[in-house]
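A short reminder: the numbers here are calculations on the coordinates, not readings from a lab. Bear in mind that the values here come from a model prediction, so they are computed numbers and not experimental data. Glycine gets a Cβ as well: all are built from the backbone with ideal geometry, and neighbour counts include every protein chain shown.
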Amino acid sequence: MKLTSTLMALTLTAFASVASAEDFPKGSVDYIIPFGPGGESDITARFQQPFFEKLFGEQMVVNYQPGGGGAVGWSQLNNMAGDGSVIMGINLPHIIIKPEQGDVGFKTDDLAAVYMFHYTPDAIVVTADSPYKTLQDLIDDAKANPKQVIFSGSGKGTANHLAQVQFDEMAGIESTYVSFKGTGASVTALLGNQVKAAWGYTTVGAAQGDKVRVLAVAMEDRHPAFPDVPTFRELGFDMVSGAYRGIAVPNSASEEVRTQVSDAIKAINADPEFQKQMLDGGFALVDVGYGADMDAFISEKADGYLNAARSAGIIE
Amino acid sequence: MLEFVVGALSPLNLLLALLGVAAGTIIGSIPGLTATMAVAVLVPLTFTMSPDSALILMGAIYTGAIYGGAYAAILLNTPGTPSAIATTFDGYPMAKRGDGDLAVSVACISSVIGGLVGALALLLLAPPLAEAALAFGPVEYFWLAIFGLSLIAALSTGDFLKGVIGACFGLLLAMIGISETSAEVRFTFGSNVLLGGVETVSALIGLYCIPVLIDLVATPDRHLKAPEQTRGFRLPEAFRLLIKNKVNVIRSSVVGTMVGALPGAGGSIAGLVAYSEARRTNKGKPSYGEGNPGGIVATESANNATVGGGFIPTLVLGIPGTPPDAVILGALLVQGVRTGPSLFADGASIVYTFIFGLLLATVLMLPVGLMIGRFAYGAIVRAPKAALVPVVAFMTVIGTFAIRNSLSDIAIMIVLGVVGWVAGKRGFSVSPIVLGLILGRIAEQGFVQSWTIGDAIGNLWGQFFGRPLSMAIIALTLLTFFYPFLPRLKQIVSRREETPGHDRERAARPAIMRDLIALLIAGGIALLALQQSAHLNPEAAVFPRTIAMAMTAFVCLALLRLALTRHVTEFAVEGSWIRITALPIAMLGAVFLFPVLGFGIAAALLGLVLTVIAQHDKYSAKSWTILILSVTGVIAACTLLFSEVLSVPLP
């Protein structure tokens, strides 16, 4: 596949003869996902794949390098080629929390983040037949029965988990969080009534449709796919949170390469067709490009995540 | 309904199904190339297809890959995909005694039947089965993993205590890296190499395949006993065996469908559970584990049934049943097909065309699989050692790398392989270790989750033992666990004086010393794990600490037994120590050369060195030339296949 498309691309450039040496991409781009296939990082990379090829005439090859909740990939990123031929997915809060938990082979600052392109907003999801009709029902139950409102969620020290910690503090409740391996397993536990609710993402609501009820979403404004679901802010809880995903390059990449990758991802995000696909899937787009914007974004998010992780007892 | 059958049978879809099954079978037969990877590589290609064609192609590759895993399991004692672990138990002994062709045919027919049962369940029973699967909670997954572990007793090759110690070792191996349930870094000894844990598939390759390679180079004996004359596919014989195993094949297919429908369980567990059940009810000879075709029937029908079974939660709930399903789910989303509750109503045409396509692909697997299987068997039986060893060793290296593009995984694979070889010679069979490694993470997650839930509702006992489904699995586990001891129990009860085992000869002093050292090393590992878990938070520590304490206790028991009975289970090392040590050293050397020389050159060099190490026969200059050209040719072709077609970024 790669061979034929390379040949095709070569022929095309030969005829077009507009390509200069500085153009990005110079050839196919390896897009490394530091997780296994099937998760939100993989799915959104797959969404991007055809648009990248459409816009730039080069293949974007998705590769997986799972292990250690992303740490295996991120700890190796800076050993890879910095010429723009390799890009890697990054996730918040992972890249902020993991290095604080011990030596995981990388520090947050080691990663040259060039673009954050979307996030999956945290959301409380219950089954369609749940007695919790509103967020208030859940809070009332949790107040009457401490610890007994049991949430499933994807992982420890993740967006889901930190949202639970933050929300418990804000609402003055004590709930129980059970960590599952990935969103799929967490939703399975919810649908099978193993838990009372899930700290999930808006994507869960989109995928499960009528089977579930989303009680609130942690967004600034309501999600277009769920116009009837209130935000936490509307209900009096100042929470805008979720798992943010973006792209990093090896730190040997020149300023030029960083800007080029940033612009490329930005161009995909600007495609209305891509936007529709993402929103239909329950994702929410963000556009944080390379430079001062990114630095400000990450340091602002880091403060919130680290505070929550400290009160959760995940880090010291 | 008819229109969907017609849709599935369009010339394009037929062609895709045929190509998919053939490609999947070949990919699955290479250790390290899993069904998940086969499907993932294909995804970009499907973007330009219609959703139903894309699904048919992916389903066909998937089902072919699961079946293809059987070849390596039977012919090389190495599961080509994790689903085929239990195929090695009886498949390799069959191949050793010259029945490899029969084993391949049995595997093929069983896979087809299993695949059909799974696909039919998907067609007819998907929504209710998906609902039923949801009743499986964390505690049921925990007990299911324990049920899988109950196979230890059967897989211990004559020394139960050593089997249990091995399983504990495997469980501890599974705990290395960042903990899934508590996100804490464990047992890495400060090394980033171990951060991502021991990758299951590369560990499988190392533990199963490296010992075979070491034994191959050690002596001039033939790899497999060649049949006296070519007996074709031995189809009539295979069909007779299937008829004899009719209960087995149906039960295993049903087990495979149901385990497949459990999100996250997958083909390896389905195969193990089906194998364990088939073994428990087997009355015939030879015993399971010694080359009974029933073991292949059980595993292969079960693992192919997980294909259809796994699509049940994938399509009905939008929750992937098995890892390849996760990839397919993602590809469907890109296509704009939303799986989940509404798909069967809104997207009926896609769903049903796909299911009929899957049925078609499964049927096509019979001729395709038999033919490729026959070829693989012929190639491996006829190949001289000096060609077989370098090619297989190269496959283990490149296959391991391809899983997550990591050179350190290759080193871990080789080291584990040497550990597996030594352990095997000392009577610790490899399979319990693998069982622990595969089931360890599922067991731990289920345990910690159930504990958290039980603690929250203030009823730990009820959470672990009070749920009806759990009780059923516990009962089955006890039955399976004690089954191997039943004959002896009966004997003890009926004729007290005659207890077998006691008439065995006492071992000589050197053998006792060797066993003592092995047991002390095992004890040391257990104590190290105990010491390492001291500083972990309770959630991350509870499971490994329990295992380490159990392991310490078993080691003490084994030491006590050694002191009292002076019995030693061990297998003699045959052949040349120089060749035995040279093989892993050459392979490890290559790992360090890959970044220096580039993958292709280092791999070719490794091939040449291994050809010399494995060479026992006298060759003429002409045969040497042919040998070297063909070995380097295969290595070059595979390197190109991996880097260009499969897009693996080789160093």
**Prompt:** Amide H to amide H under 5 Å from A:Lys156: which residues, 5+ apart in sequence or cross-chain, H placed 1.01 Å off N in plane?
**Reply:** B:Ala183
**Request:** Let me have the 222 nm mean residue ellipticity of chain A computed from DSSP H runs of 4+ only, each contributing -39500 (n - 2.57), with the sum over all residues rounded to the nearest 500.
**Result:** -12500 deg cm²/dmol
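Where does each of B:Thr219, B:Thr362 land when they are ranked from fewest to most other beta-carbon atoms within 10 angstrom?
On the way: B:Thr219 14, B:Thr362 29.
Ranked by crowding around the Cβ, least crowded first: B:Thr219, B:Thr362.
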**Item:** Simple label model, 7 Å out from Cα along Cβ direction - B:Lys618 to B:Ala345, nm
**Value:** 8.0
**Request:** Using a cut-off of 14 Å between beta-carbons, work out the net charge of the residues near B:Gly118 (Lys and Arg +1, Asp and Glu -1, B:Gly118 not included).
**Result:** -1
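Would you mind checking the pairs A:Lys107/A:Lys196; A:Lys98/A:Lys211; A:Lys107/A:Lys266; A:Lys54/A:Lys181; A:Lys181/B:Lys96 and listing those with alpha carbons more than 31 angstrom apart?
From the list (A:Lys107/A:Lys196; A:Lys98/A:Lys211; A:Lys107/A:Lys266; A:Lys54/A:Lys181; A:Lys181/B:Lys96), the Cα-Cα distance tops 31 Å for A:Lys107/A:Lys196; A:Lys98/A:Lys211; A:Lys54/A:Lys181; A:Lys181/B:Lys96.
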**Asked** Once you list every other residue whose beta carbon is under 14 Å from the beta carbon of B:Thr400, what net charge do they have if Lys and Arg are +1 and Asp and Glu are -1?
**Response** -1
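Rounded to the nearest 0.05, what FRET efficiency do B:Val193 and B:Leu124 give with R0 = 35 Å and r taken as the Cβ-Cβ distance? Could you check? Before the final figure, lay out each step's value.
Working: r = 48 Å, r/R0 = 1.38.
FRET efficiency, B:Val193 to B:Leu124: 0.10.
Arranged by the count of other C-beta atoms within 10 angstrom, fewest first, what order do B:Ser29, B:Ser533, B:Ser576 take? List each step's numbers first, then the result.
Numbers: B:Ser29 26, B:Ser533 23, B:Ser576 15.
Exposure proxy ranking, most exposed first: B:Ser576, B:Ser533, B:Ser29.
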**Item:** Rg to Rh, two decimals, where chain B supplies the alpha carbon set and Rh follows Kirkwood
**Value:** 0.96
**Prompt:** How large is ³J(HN,Hα) for each residue in region B:570-580, as worked out from phi by the Karplus curve 6.51 cos²θ - 1.76 cosθ + 1.60 (θ = phi - 60°), to whole Hz, x for Gly and Pro?
**Reply:** 8, 10, 5, 7, 10, x, 8, 5, 4, 5, 4
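Efficiency by 1/(1 + (r/R0)^6): what FRET value for A:Asp110 and B:Thr219, r their Cβ-Cβ distance, R0 = 60 Å, to the nearest 0.05?
Here the calculated transfer efficiency is 0.75.
Could you order peptides B:72-81, B:431-440 by the average number of other Cβ atoms within 10 Å of their residues, highest first?
Sorting B:72-81, B:431-440 by mean packing, highest first, produces B:72-81, B:431-440.
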**Request:** Treat every Asp and Glu Cβ in chain B as -1 and every Lys and Arg Cβ as +1, leave all other atoms uncharged, and give the resulting dipole magnitude about the Cα centre to the nearest 20 debye.
**Result:** 1800
**Request:** Normalising by the residue count of chain A, find the relative contact order in percent from Cα pairs under 8 Å and 6+ residues apart.
**Result:** 24
**Rough spin-label spacing in nm, given labels placed 7 Å along Cα→Cβ, for B:Leu469 and A:Lys54** = 4.2
**Request:** Let me know the Rg and Dmax you get for region B:140-242 when you use only its Cα atoms, in Å.
**Result:** 20.0, 58
**Complete:** The correct pair for the protein assembly as shown, radius of gyration to one decimal and Dmax as a whole number, both in Å and from Cα atoms, is 27.5, 93
**Item:** Equivalent ellipsoid dimensions for region A:109-155 as semi-axes, Å, which come from the Cα gyration tensor, largest first
**Value:** 34, 14, 9
**Request:** Could you give me the percent of Cα pairs per 10 Å distance bin for region A:162-316, shortest bin first, beginning at zero and ending with the bin that holds the maximum distance?
**Result:** 9, 31, 36, 19, 4, 0
**Cα gyration tensor shape for region B:514-651, rounded if a/c is under 1.5, else prolate or oblate** = oblate
**Item:** Derived scalar couplings ³J(HN,Hα) [region B:90-98; Karplus, 6.51 cos²θ - 1.76 cosθ + 1.60; whole Hz; x for Gly, Pro]
**Value:** 10, x, 5, x, 4, 5, 4, 8, x
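If eta is 1.567 mPa s and T is 4 °C, what Stokes-Einstein diffusion coefficient results for region B:1-139, Kirkwood Rh from Cα pairs, in µm²/s? Display every interim value, and only then the final one.
On the way: Rh = 16.3 Å.
Answer, rounded: 79 µm²/s.
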**Amide H contacts under 5 Å for B:Gly427, placed H, 5+ residues apart** = B:Phe571
**Request:** Counting residues in region B:578-651 as N, plug N into 2.2 N^0.38 Å and put the Cα Rg over that result.
**Result:** 1.20
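As a check on your grasp of the helix formula, calculate [θ] at 222 nm for chain B: sum -39500 (n - 2.57) over DSSP H runs of n ≥ 4, divide by the residue count, round to the nearest 500. Write down the numbers at each step before the final one.
Details: 27 runs with 479 residues, N = 651.
Only helices count here, giving -25000 deg cm²/dmol.
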**Linear extension gain, A:Asp103 paired with A:Asp83, 0.36 nm per residue minus alpha-carbon span** = 4.4 nm
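What area, in nm² and to one decimal, does the C-alpha convex hull of region B:322-393 cast on average over all directions? Please list the in-between numbers first.
Values: hull surface 29.6 nm².
Value for region B:322-393: 7.4 nm².
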**Asked** According to a simple spin-label model (label point 7 Å from Cα along Cα-to-Cβ), what is the distance in nm between B:Val573 and B:Val6?
**Response** 7.0
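Return one quarter of the surface area of the convex hull spanned by the alpha-carbon atoms of region A:75-176, equal to its mean projected area, in nm². Present the calculation step by step, with values, prior to reporting the outcome.
On the way: hull surface 34.9 nm².
Over all viewing directions, region A:75-176 projects a mean Cα-hull area of 8.7 nm².
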**Relative packing of peptides A:239-245, B:280-286 - highest average C-beta neighbours within 10 Å first** = A:239-245, B:280-286
**Item:** Other protein chain Cβ atoms within 10 Å, averaged over every residue that makes up B:314-323
**Value:** 4
**Fill in**
Residues of region A:47-83 with backbone N under 18 Å of the label point set 7 Å from the Cα of A:Ser252 along Cα→Cβ are A:73-83
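Rounded to the nearest 0.05, what FRET efficiency is calculated for A:Leu285 and B:Leu366 with R0 set to 45 Å and r the Cβ-Cβ distance? Let's see the in-between values first.
Details: r = 48 Å, r/R0 = 1.07.
The computed FRET efficiency comes out at 0.40.
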**Request:** Give a residue-ordered list of calculated ³J(HN,Hα) values for region B:75-87 (Karplus: 6.51 cos²θ - 1.76 cosθ + 1.60, θ = phi - 60°; whole Hz; x for Gly, Pro).
**Result:** 8, 10, 6, 10, x, x, 10, x, 4, 9, 3, 5, 5
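From other protein chains only, count the Cβ atoms within 10 Å of every residue's Cβ in A:73-81, then give the mean. Before the final figure, lay out each step's value.
Values: counts 4, 0, 4, 6, 0, 0, 1, 1, 1.
Mean number of neighbouring Cβ atoms from other chains: 2.
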**Request:** Based on alpha-carbon positions alone, could you give the equivalent ellipsoid semi-axes of region B:109-176 from the gyration tensor, as √(5λ), descending, whole Å?
**Result:** 33, 18, 10
**Complete:** Per the charge dipole of chain A (beta-carbon charges, Lys/Arg positive, Asp/Glu negative, Cα centre), the residue among A:Ala292, A:Ser241, A:Gln194 reaching farthest to the positive end is A:Gln194
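Mind checking A:183-191 for the average number of partner chain beta-carbons within 10 Å of each residue's beta-carbon?
Working: counts 1, 12, 8, 1, 4, 13, 7, 1, 10.
Mean partner-chain Cβ count within 10 Å for A:183-191: 6.
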**Message:** Taking a ≥ b ≥ c as the square roots of the Cα gyration tensor eigenvalues, with a/c under 1.5 meaning rounded and otherwise prolate when a/b beats b/c, else oblate, which class fits region B:63-206?
**Reply:** oblate
**Asked** Does region A:158-210 classify as rounded, prolate or oblate by the C-alpha gyration tensor (a ≥ b ≥ c root eigenvalues; a/c under 1.5 gives rounded; else a/b over b/c gives prolate, otherwise oblate)?
**Response** prolate
**Prompt:** Do you know the relative contact order of region B:191-278, to the nearest whole percent, from alpha carbon pairs under 8 angstrom that are 6+ apart?
**Reply:** 16
